[in-house]
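The values are calculated or read from the model by the stated rules, or taken from the named source; none is laboratory data. The model shown is predicted, which means the values in this text are computed figures rather than measured ones. Backbone-built Cβ (ideal geometry, glycine too); neighbour counts: all protein chains shown. Ligands, DNA and RNA are excluded from the accessible area calculation, which covers all protein heavy atoms including side chains. Shrake-Rupley method; radii C 1.70, N 1.55, O 1.52, S 1.80 Å.
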Amino acid sequence: MPRRSRIDAPGALHHIIARGIDRQRIFQDDADRDNFLDRLGNTLSETQTACFAWALIPNHFHLLLRTGTTAISTVMRRLLTGYAVSYNFRHRRHGHLFQNRYKSILCQQDTYLLELVRYIHLNPLRASIVKDLRALNNYPYCGHSGMVRKSSHEWQDVDYILKLFASKRPEAIRRYREFVKKAVGQGRRSDLVGGGLVRSAGGWAALKALRRIGAYRKGDERILGDSDFVKSVLSQAKEDFERKHQLQSEGMSFEHVINRVAELMDLSPDQVLASGKQKQTVAARSLLCFWATNELAISQVELAQKLKVSQPAVSMAVRRGEQLAGDNSYSLRD
């Protein structure tokens, strides 16, 4: 079956899980972990993406992010591509580092934010990387240590989470510690990372109870939330899809985008497609890549083939094009 597109919107809360290919290690040592965190911090800061929780495990990682000005798919492409290249260079290896697509679950914030923070921060304990909560408090490769200590990474929004427990920081930390301690024995939560219908219903027990009385709920494996939230998200995603379809039905083809970019940049269509590092040409191709991927839903792989460049080059061009369009209020429509 064809894979379904990711669902995203400004302010959306995402639980991200990325695993190594064949569940192999993606972090060999602290140098790898530090490299990843540096890249993560730079990417989040540059894209104004909030991070509420995170944990690095030898063969995968968890992030709890809120979309800022940049789509979460763009944020993850930058992070994963950059880290994979540096990891392969350092360890003299070739090929893919990560398993196919990362998992992205759009979450209902009011209901699940604190549950997800706790679940993600307990991962090193569940994976036996640390032996107890005392050790977790000082483990530097998980967001929990930043929650209970005065120092933390600037890109982790500790204050936002602590204020949900209490207005004064010492009391907030105490309540957060108690909250985390209560879940130490819970183990893996399939309702937080498993099937969408199960999550939408509130777990297997709730789902079975609903089915006993003949009630069925709307579910989707990309979404964590109650049935109304799932329906609302899917409705918005449908509207976005229909907007892109409308553009195509109006004759908004790839060639039309090329012509529109040429008009805005005072270039010929051939110049827009030409290779080279001239400032105007680079800007034009960047705008073309941004609109082609975001408005016409052309995949970056397909676009790379059209332009005869690499997919990472397209990814960087999309990022430049997004900023260019925003800074200059460029519109695809005439």
Task: Among the candidates His96, His62, residue that is out of contact with any Phe, Trp or Tyr (no Cβ under 7 Å at 6 or more places or on another chain) and either open to solvent by 10 Å² or more (accessible area, probe 1.4 Å) or not acidic (Asp, Glu) (or both) - done: His96
Open item on the list: Please verify whether Val158 is among the β-branched types (Val, Ile, Thr), in contact with a Gly (Cβ under 8 Å, 6 or more places away or on another chain) and modelled with pLDDT of 65 or more, treating the condition exactly as stated.
Closed with: yes
Open item on the list: I'd like the residue in segment 139-165 that is small (Gly, Ala, Ser) and out of contact with any strand residue (DSSP E or B) (no Cβ under 6 Å at 6 or more places or on another chain) and, out of all such residues, is surrounded by the most Cβ atoms within 10 Å (Cβ to Cβ).
Closed with: Ser145
Open item on the list: With surrounded by 15 or more Cβ atoms within 10 Å (Cβ to Cβ), small (Gly, Ala, Ser), at pLDDT below 90 and closer than 24 Å to Glu154 by Cβ as the only criterion, which of Ala55, Ala12 stands out?
Closed with: Ala12
- [ ] Would you point out the residue of segment 72-85, among those that are of a type outside the set (Val, Ile, Thr) and open to solvent by 30 Å² or more (accessible area, probe 1.4 Å), that is nearest to Ala31 (Cα to Cα)?
- [x] Arg78
Task: Unmet criterion (only one of (1) modelled with pLDDT under 90; (2) in contact with a Lys or Arg (Cβ under 6 Å, 6 or more places away or on another chain)) for Lys103 - done: (2)
TODO: Could you tell me which numbered condition Thr293 fails, if it satisfies all but one of (1) within 21 Å of Ser73 (Cα to Cα); (2) at pLDDT below 80; (3) in a helix (DSSP H, G or I)?
DONE: (2)
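Residues checked against (1) among the β-branched types (Val, Ile, Thr); (2) assigned to a helix (DSSP H, G or I); (3) more than 19 Å from Thr47 (Cβ to Cβ):
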residue	(1), (2), (3)
Thr281	yes, yes, yes
Leu288	no, yes, yes
Ala317	no, yes, no
Asp327	no, yes, no
Ser331	no, no, yes
Task: Sole exception among (1) surrounded by 15 or more Cβ atoms within 10 Å (Cβ to Cβ); (2) without any contact (Cβ under 8 Å) to a residue 24 or more places away in the chain for Asn88, by number - done: (1)
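For every residue, the table says whether it meets (1) over 20 Å from Asp159 (Cα atoms); (2) modelled with pLDDT under 90; (3) in a helix (DSSP H, G or I).
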position: Arg6; (1), (2), (3): yes, yes, no
position: Ile16; (1), (2), (3): yes, no, no
position: Phe36; (1), (2), (3): yes, no, yes
position: Phe61; (1), (2), (3): yes, no, no
position: Tyr87; (1), (2), (3): yes, no, yes
